[in-house]
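Encoded as structure tokens, the structure appears first; notes follow it.
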Amino acid sequence: MREAKAFDYFILTLLAFIWASAFFNIKIATYSYGPLTIAFLRIFLGAIPVIILCYVKKIKIEAFSKDWYWFASIGIVNLVIPFFLIAYGVKNVQSNLAAILMATTPLSATLLAHFFTKNEKINLIKSIGILIGFSGIIFLFSDNILISKNNFTSALLILCGSTFYVIGGLLTLKISSKKNENVTASILIWGTLVLAPISLLIEQPWSLSPRIDSTISLLYLGIFATGIAWLLRFYILKHNGLVFQSQVAYLIPIFGVILGFLILGELITPKVIISLLAVIIGIYIVKKGSKIKIG
């Protein structure tokens with residue numbers, strides 16, 4: 001049992017590392033590719049291992065069933081829009097800032113869940129966590145070394161991308177009775193179908209002369225940071241549950257900041273460290289508050 005637990009934590013840490021590594025790879029991919037192409041190939045390549053898993057496990061993919069509009073909506077909101085916004089924003093800001101901004105997802109989820117679900121209401125503890133976490137983000141935006149009037153909008157777009165992740169998660173509740181593998185494969189299929197004509201028409205990627213490092217990063221984003229990462233997530237959910245899997249929220253921004261520094265030589269200013277700590281503390285408090293029942 002002890003070995004199994006250690007292995008589960010290894011998988012959890014590996015998942016956090018892979019997701020965190022997406023940020024510096026997005027940055028490298030933007031050296032040659034446009035945000036639409038990055039988003040499209042991430043989704044297309046990520047769909048392949050998930051579809052294969054469904055085939056092996058004999059799980060029916062319902063992308064074109066009577067509930068197709070839910071899969072299409074979630075694919076657009078949870079994949080197409082945030083993947084595009086993040087790629088567009090990271091082009092103009094450091095990847096470590098994107099890692100911190102995206103770490104606000106649990107905080108935004110707590111806030112929106114209060115208004116759109118019946119069982120996830122905000123209490124005093126959660127409120128304190130949300131305030132601390134978003135105070136860190138506001139403090140991060142005051143870092144004139146890394147965020148200026150030239151890239152302020154890009155940073156905001158990344159923050160918007162994290163919010164769309166949350167909205168997509170709320171939409172997923174409408175089909176919560178379906179298997180995770182089926183839902184993931186279906187939304188990846190719809191995301192691919194939506195982005196393929198748009199990216200080909202607008203960015204015409206065949207006319208590019210991409211750098212080798214950008215292409216390698218783009219392949220990594222699709223195969224590992226999207227496809228393989230989802231398979232690891234399925235494993236964790238099956239063997240340990242959602243609460244255990246949610247611990248990746250603490251590790252992703254930490255790994256993201258460290259990897260941005262090691263791989264791209266990105267600056268780590270005092271405000272970056274303070275903001276990172278505030279977001280992590282805010283997430284921790286929110287999760288503690290989630291264990292307290294209201295009423």
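The values are calculated or read from the model by the stated rules, or taken from the named source; none is laboratory data. The structure displayed is predicted, hence computed values, not measured ones. Note: ideal-geometry Cβ built from the backbone for every residue, glycine included; neighbour counts use all protein chains shown.
Mind counting the residues in the range 221-276 that are of a type in the set (S, T, N, Q) and touching a Pro at 6+ places or on another chain (Cβ under 8 Å)?
Residues that pass the stated criteria total 1.
Considering the range 128-150 alone, what residues qualify as being without any contact (Cβ under 8 Å) to a residue 60 or more places away in the chain and over 14 Å from Leu276 (Cα atoms)?
Asn144, Ile147, Ser148, Lys149, Asn150
Residue-by-condition table, conditions (1) surrounded by fewer than 18 Cβ atoms within 10 Å (Cβ to Cβ); (2) touching a strand residue (DSSP E or B) at 6+ places or on another chain (Cβ under 8 Å); (3) hydrophobic (A, V, I, L, M, F, W, C); (4) at pLDDT 95 or above:
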site	(1), (2), (3), (4)
Phe44	no, no, yes, yes
Phe64	yes, no, yes, yes
Ile76	no, no, yes, yes
Val80	no, no, yes, yes
Phe84	no, no, yes, yes
Tyr88	no, no, no, yes
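Checking Tyr33 against (1) buried (at least 23 other Cβ atoms within 10 Å of the Cβ); (2) in a helix (DSSP H, G or I), which single condition isn't satisfied?
Condition not satisfied by Tyr33: (2).
Hey, among Ala109, Ala103, Ala99, which residue is modelled with pLDDT of 95 or more and under 18 Å from the mean Cα position of the chain (by Cα)?
Being modelled with pLDDT of 95 or more and under 18 Å from the mean Cα position of the chain (by Cα) holds for just one of Ala109, Ala103, Ala99, which is Ala99.
Taking only pairs six or more apart or across chains, which ones have beta-carbon atoms under 7 Å, a first residue in the range 184-195 that is touching a residue at least 40 places away in the same chain (Cβ under 8 Å) and surrounded by 24 or more Cβ atoms within 10 Å (Cβ to Cβ), and a second residue that is in a helix (DSSP H, G or I) and of a type in the set (S, T, N, Q)?
Listed pairs, sorted by first residue: Ile187/Asn78.
For Phe115, only one of the following conditions fails: (1) under 30 Å from Lys66 (Cα atoms); (2) of a type in the set (Phe, Trp, Tyr); (3) touching a residue at least 24 places away in the same chain (Cβ under 8 Å). What is its number?
The single condition Phe115 does not satisfy is (3).
Take the range 241-295 and flag every residue that is outside any helix (DSSP H, G or I), touching a helix residue (DSSP H, G or I) at 6+ places or on another chain (Cβ under 7 Å) and either at positive phi or at pLDDT 90 or above (or both).
Hits for the range 241-295 are Glu266, Ile268.
Please find, within the range 259-292, the residue that is farthest from Leu124 (Cα to Cα) out of those that are among the hydrophobic types (A, V, I, L, M, F, W, C) and free of Cβ contacts under 8 Å to residues at least 24 places away in the same chain.
My answer is Leu262.
Of Leu159, Leu146, which residue is closer than 25 Å to Thr269 by Cα, under 17 Å from the mean Cα position of the chain (by Cα) and crowded, with 17+ Cβ neighbours inside 10 Å?
It is Leu159.
Of (1) surrounded by 15 or more Cβ atoms within 10 Å (Cβ to Cβ); (2) of a type in the set (Gly, Ala, Ser); (3) out of contact with any Lys or Arg (no Cβ under 9 Å at 6 or more places or on another chain), Ser209 satisfies all except one. Which?
Ser209 satisfies all of (1) surrounded by 15 or more Cβ atoms within 10 Å (Cβ to Cβ); (2) of a type in the set (Gly, Ala, Ser); (3) out of contact with any Lys or Arg (no Cβ under 9 Å at 6 or more places or on another chain) except (1).
Wholly within the range 80-153, which helices (runs of 4 or more DSSP H) include no fewer than the required count, namely at least 1 residues that are within 26 Å of Ile189 (Cα to Cα)?
81-90, 95-102, 105-116
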